[in-house]
Amino acid sequence: MKDQITLTIDGQTVRATPDATIMEVADAMGLSIPRLCYHPHLTPNTVCRLCVVEWEGARTLVPACVARVREGAVIHTASPRVQRARRVILELLASTVDLSESPTLLAYAQAWGADLRRFEAGARRQFPLYDDNPFYVRDYNKCVLCWRCVQTCADDLQYTYALTLGGRGFHSHITTAFNRPMPETTCVFCGNCVAVCPTGALKGKVAFLVQQGTPVPVALWRARPPR
Amino acid sequence: MIAPILLRRVGHIDPESLADYEAYEGFRALRQVLMRRPEQVVEMVKASGLRGRGGALFPTGVKWEAVARQPRRPKYVVCNADESEPGTFKDRVLLEGDPFAVVEAMVIAGYAVGASKGYIYVRGEYHRAYTRLSRAVSVAREAGYLGTHILGSDFSFDIEIRRGAGAYVCGEETALFESIEGKRGMPRQKPPFPTEQGLFGQPTLINNVETLACIPWIVRSGPAWFREIGSPAMPGPKLFCVSGAVQRPGVYEAPVTITLRELIEGMAGGLPSGQEVQAILVGGAAGAFATPEEMDTPLTPEALQAIGVPLGSGAIMVIDHRVPLWEVLRRVARFFAHESCGKCYPCQLGTYRQWEIVERLARGEPLPGDVERLRDIAATMADASICGLGQTAANAILSALEKGLVSVPTPA
Ligand SMILES: Cc1cc2nc3c(=O)[nH]c(=O)nc-3n(C[C@H](O)[C@H](O)[C@H](O)COP(=O)(O)O)c2cc1C
Ligand code: SF4
Ligand code: SF4
Ligand code: FES
């Protein structure tokens, strides 16, 4: 058992092990810190910054998903600075990406008072629908760039490296090598990327067709031998 | 005016000649250092009060000590020669005019912190600096200043040069490591800091070119001498890059006690005749504006802080009334939108929306609420971005608004 340390979160004194993250301690206290890029089975990438909290004395806010607690730390998980950052990040996201299939993000927007139309005068990221294989479709208009699919496909799970990042800044996007269709990549169609995608950007082909109201082509199920 | 120290050799020696370098004090500091214990060298740098010249002003000795204390090996020394901050060109002058000084300083640093390998990461556009450095490294190696058993000692150290490919963000230390490692140049969340887990995950000392260039002089003349120059909080000579509306743009060496006015009107020869200062952008695109009324401010960190301006990399861009300031702000905003790596949301999205809003304001066609949008984006980028790029991307624009240097058009 590691030595316990004592810190203050939202006015409450708590004890924790020194290797715990702020998020772990706050979760145990029943506080609700929002999160998007964090996934318990993936390497933290700290890209979304929705989990930021205020650590008294720190110059910037810190991401609770990776920042480790320290003896005597005084942390606020919902101070005005924290609230503003969360609200603005959600507003910026909503102006760029189609969040209609991201119920968690929409709930966060409600909780943190984000005005989803505040930046709507700006450009949106726009992509064609990639429907290039029988197993899943990729609709990057719904992609928030959480990196989960890339990491799952790479050394966090599958070691296949079919997905990668392209572009830079606002124009960043998920792609394949030279933007080749999925069947021409190293993809083995394991479906792990689809399973971790939080926004509906990656979707199983059958689910997609059902959603579109399109009859599922016979070939998609007839191809299998009878059970 | 005191005699230049960092620029002492620049323009006076053949930068390709080791003999010239040696004739001007060259490699004497290294010989001296090899007769001391590494801890003594670290102590010396600490005592000098030297602070990083790459922009963040971090105490150099503290960094050296942190790397020296790391038990893990190998350790690396990295010279940050990416110099991509707009308006900054001091490292280029040192690299092209005095390349052996960087090599000597890196060997000293390697000895002090216990590293056996050094990397110089040179901005991709710096062709001449790259060729001069490459030459200096191979000539120094042939002469026994690099490689195994340097100058007959037990110490071995060698240097590899890597070139950037044009991304501003690759000057950020952790993005620079990613780039050397062959990955996409994106910053890492800190901690862990480079001193613990830097290049290839190993303890790494990373310093700016100008920071390193101070080292041999500190060794030769001592920390007390170094502290006599400059201010207590910022000892030593400093290079300033003066550009824009001045008669003699260029790199000037001065202690930070010099005022903006002395630098601009004295050293750089003042503005073109008939022109007056509209604003001064200090610290580059990541910096902030000083007003004409603030020109008697010394360039010490404290005095600058009082007027809300960072010293940064030492870039001083003088803008006269011929240039519409909104045009400058447009370019600053576009610069950050273009250079954001896209890793974290506040900067990936914020720099782009900031640019769109600044464009609207510059055109005189803002939407209701645009200034509040700008302020919210600015605060969010400063508070929640991963790296210094996003954290400073709104500084110049905010300072121009706050100091009333631009007038905000009213929405139609
Ligand atoms: C976006 C960004 C760009 C940077 N570019 C440079 C650069 O071109 N050269 C440099 O020396 N430091 C640059 N830095 C600062 C480095 O991260 C780091 O602080 C510096 O290399 C440390 O050296 P020093 O302590 O000697 O200043 C940059 C930082 C940021 C956030
Ligand atoms: S496709 Fe889905 S999992 Fe991949 S980055 Fe976009 S939102 Fe995340
Ligand atoms: S602040 Fe900008 S440049 Fe830095 S990591 Fe975030 S997106 Fe990349
Ligand atoms: S959940 Fe912590 S940065 Fe995304």
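Calculate the tail of P(r) for region B:325-402: the fraction of all Cα-Cα distances greater than 16 Å, expressed in %.
Values: 1212 of 3003 pairs.
Result for the distance tail: 40 percent.
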Enclosed volume per residue, in Å³, of the convex hull spanned by Cα atoms of the protein assembly as shown
190 Å³
Region A:14-160: relative contact order from alpha carbon pairs under 8 Å, six or more residues apart, as a whole percent, is 21 percent
³J(HN,Hα) across region B:64-75 via Karplus (A = 6.51, B = -1.76, C = 1.60, θ = phi - 60°), whole Hz, x for Gly/Pro?
4, 5, 4, 6, 4, 7, 5, x, 6, 10, x, 10
Just grab the label-to-label distance for B:Val408 and A:Gln212, each label 7 Å out from Cα along the Cβ direction, in nm (one decimal).
4.7 nm
Using a 1.4 Å probe on the protein heavy atoms only, what accessible surface does B:Lys183 show? Give it in Å² to the nearest 10.
110 Å²
Kindly report, to the nearest 10 Å², the accessible surface of A:Leu42 as traced by a 1.4 Å probe over protein heavy atoms only.
30 Å²
Filtering chain A for DSSP H helices with an axial alpha carbon extent of at least 27 Å and a Kyte-Doolittle mean of at least 0.5 returns none
Along the three principal axes, how long is region B:18-228 when you take its alpha carbons, biggest first, rounded to the nearest angstrom?
41, 36, 36
Dipole of chain B [Lys/Arg +1, Asp/Glu -1 at C-beta], most positive-end residue of B:Thr291, B:Met106, B:Val328
B:Met106
Which value in deg cm²/dmol, rounded to the nearest 500, describes the helix-derived mean residue ellipticity at 222 nm for chain B, given -39,500 (n - 2.57) per DSSP H run of n ≥ 4 and division by the residue count?
-12000 deg cm²/dmol
Longest principal axis of chain B (C-alpha) makes with the long axis of helix B:325-339 (C-alpha) an angle, in degrees to the nearest 10, of 50 degrees
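Suppose we take every Cα in chain A and form the convex hull; what volume per residue is that in Å³? Provide the component values of the computation, followed by the final result.
Details: hull volume 38.6 nm³, N = 227.
It is 170 Å³ per residue.
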Got a sec? What order do B:Leu151, A:Leu165 fall in by accessible area at 1.4 Å, biggest, i.e. largest, first?
B:Leu151, A:Leu165
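Tell me, in nm to one decimal, what length is gained between B:Phe200 and B:Gln32 on full extension, where the rule is 0.36 nm per residue of separation less the Cα-Cα distance?
57.4 nm
Using a 10 Å cut-off around each Cβ of peptide A:75-81, what is the average number of partner chain Cβ atoms that fall inside?
On the way: counts 0, 0, 0, 0, 0, 0, 5.
Mean inter-chain Cβ contacts per residue within 10 Å come to 1.
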Amide N of region B:371-399 lying under 19 Å from the label point, which is placed 7 angstrom from the Cα of A:Val66 along Cα→Cβ
B:381-392
B:Lys46 accessible area, 1.4 Å probe, all protein chains in place, Å² to nearest 10
70 Å²
Just order B:25-35, A:173-183 by mean Cβ neighbour count inside 10 Å, highest at the front, would you?
B:25-35, A:173-183
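Just checking the output field for A:87-94: average partner chain Cβ neighbours within 10 Å of each residue's Cβ? The partial results should precede the final answer.
Values: counts 2, 15, 7, 1, 6, 11, 3, 0.
For peptide A:87-94, the averaged partner shielding equals 6.
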With springs connecting C-alpha atoms under 10 Å apart, model chain B as a Gaussian network and identify which of B:Glu16, B:Glu65, B:Glu365 has the largest mean-square fluctuation.
B:Glu365
Report, in deg cm²/dmol and to the nearest 500, the calculated mean residue ellipticity at 222 nm for chain A, where each DSSP H run with n ≥ 4 adds -39500 (n - 2.57) and the sum is divided by the residue count.
-6500 deg cm²/dmol
Other chains near B:337-344: what is the mean number of their Cβ atoms within 10 Å of each residue's Cβ?
6
Can you compute the modelled spin-label distance between A:Glu24 and A:Tyr161, with each label point 7 Å from Cα toward Cβ, in nm?
3.1 nm
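Report the gain in length on full extension from B:Ala165 to B:Gln247: 0.36 nm times residue separation, minus Cα-Cα distance, nm rounded to one decimal.
Details: separation 82, 0.36 × 82 = 29.52 nm, distance 3.26 nm.
Fully extending the segment from B:Ala165 to B:Gln247 adds 26.3 nm.
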Within region A:179-213, find all residues whose amide N lies under 20 Å from a label point positioned 7 Å from the Cα of A:Ser100 along Cα-to-beta-carbon.
A:197-213
Long-range amide H contacts for B:Ile161: which residues qualify at under 5 Å (H placed 1.01 Å from N, peptide plane, sequence gap of 5 or more or a different chain)?
B:Ile120
Karplus 3J(HN,Hα) series, Hz, for region A:164-180 with 6.51 cos²θ - 1.76 cosθ + 1.60 (x for Gly, Pro):
7, 9, x, x, 8, x, 4, 8, 4, 7, 8, 8, 10, 4, 6, 6, 6
Expressed in nanometres to one decimal, the distance between label points 7 Å along Cα→Cβ at A:Asp115 and B:Trp225 is 6.2 nm
Across region B:132-143, in residue order, what do the Karplus-derived ³J(HN,Hα) couplings come to in whole Hz, using 6.51 cos²θ - 1.76 cosθ + 1.60 with θ = phi - 60° and x for Gly and Pro?
5, 5, 4, 5, 4, 5, 6, 5, 5, 5, 4, 7
What is the ratio of the Cα radius of gyration of region B:263-412 to 2.2 N^0.38 Å, with N the residue count, to two decimals?
1.05
Calculate, in nm to one decimal, what A:Ala107 and A:Thr6 gain on full extension: separation in residues at 0.36 nm each, minus their alpha carbon distance.
33.1 nm
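Based on the inverse mean of 1/r over its pairs of different Cα atoms, what is the Kirkwood hydrodynamic radius of chain B, in Å?
Details: mean 1/r = 0.0457 Å⁻¹.
Answer for chain B: a Kirkwood hydrodynamic radius of 21.9 Å.
Accessible area per residue, 1.4 Å probe, Å², for region B:325-402: what's the number?
Each residue of region B:325-402 exposes 29 Å² on average to a 1.4 Å probe.
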List every residue whose amide H lies under 5 Å from the amide H of B:Ala288, counting only residues 5 or more places away in sequence or on a different chain, with H placed 1.01 Å from N in the peptide plane.
B:Val282
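The values are calculated or read from the model by the stated rules, or taken from the named source; none is laboratory data. Being a predicted model, the structure only gives us computed values, none of them experimental. Backbone-built Cβ (ideal geometry, glycine too); neighbour counts: all protein chains shown. With ligands, DNA and RNA removed, areas are computed over all heavy atoms of the protein, side chains included. Shrake-Rupley method; radii C 1.70, N 1.55, O 1.52, S 1.80 Å.
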